[in-house]
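The structure under discussion appears below in the form of structure tokens.
Just so you know, all these numbers are worked out from the coordinates, no wet-lab data involved. Not measured: the values here are computed from a predicted model. Using ideal geometry, Cβ is built from the backbone for each residue, glycine included, and neighbour counts are taken over all protein chains shown.
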Amino acid sequence: MKINPLLPHVWYTLIPYQRIEDEGLLRVINKLYEASNLLNNFFCSNRKVIFKEKHGAKYYKRYDAPATACERLLASGHLTEPQKTHLTEVKLNLDPYKLRKLIDAKLRTIFSKLR
């Protein structure tokens, strides 16, 4: 199962909803969600609506520049300097290709045990 990192997706799209009887999968699923969260927050950029206006039956929207959740948080000005340095260190140590490989490996493990 390939997930496009450029498109937003909901958590339950990673693993289809079904009863999981194996408690050993819990650790694998938690690692999967952790890696997916890191990939989405540090490497997947989104556009946010900054202006929305209705003309008749049509809506006109204006968007800001695409940015990741980490970039938006760093630009917000709500963080202290140690928090900013921690986030930048985490981002510099992450590799999106390794995260994607980890996610694919965890998904293969989960689906092989669920079948």
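Tally Lys/Arg at +1 and Asp/Glu at -1 over every other residue whose Cβ is under 12 Å from the Cβ of LEU114; what's the total?
Numbers: positive: ARG19, ARG108, LYS113, ARG115; negative: GLU21, ASP22.
Once all neighbours under 12 Å are counted, the net charge is +2.
For the stretch 14-115, would you read off the P(r) tail past 20 Å as a percentage of all alpha carbon pairs?
Counting every Cα pair in the stretch 14-115, those more than 20 Å apart make up 57 percent.
Go ahead and set up a Gaussian network model of the chain, Cα springs under 10 Å, then flag whichever of SER76, SER45, SER36 fluctuates most.
For the chain, modelled as a Gaussian network with Cα springs under 10 Å, the answer is SER76.
Hey, fewest Cβ within 10 Å first, where do ARG72, ARG100, ARG108 land in order?
Numbers: ARG72 14, ARG100 17, ARG108 11.
Going from sparsest to densest Cβ surroundings: ARG108, ARG72, ARG100.
What net charge is computed for the residues neighbouring GLU23, neighbours being all others with C-beta under 15 Å from the C-beta of GLU23, Lys and Arg scored +1, Asp and Glu -1? Please list the in-between numbers first.
Numbers: positive: ARG19, ARG27, LYS31, LYS113; negative: GLU21, ASP22.
The answer is +2.
What is the local net charge at GLU71, summed over the other residues whose Cβ is closer than 13 Å to its Cβ (Lys, Arg +1; Asp, Glu -1)? Mind showing how you got there, number by number?
Working: positive: ARG47, LYS48, ARG72, LYS84, LYS91; negative: ASP64.
Residues close to GLU71 contribute a combined charge of +4.
Out of residues 5 or more away from ASN46 or on other chains, whose amide H comes under 5 Å of its own, with H placed 1.01 Å from N in the peptide plane?
ALA67, THR68
What is the chain's relative contact order, in percent, from Cα pairs under 8 angstrom and six or more apart in sequence?
Numbers: 85 pairs, mean separation 36.7, N = 115.
It comes to 32 percent, rounded to a whole number.
Where does each of PHE42, PHE111, PHE51 land when they are ranked from fewest to most other beta-carbon atoms within 10 angstrom? Don't jump to the answer; show the numbers that get you there.
Values: PHE42 18, PHE111 12, PHE51 9.
Neighbour counts put them in this order, fewest first: PHE51, PHE111, PHE42.
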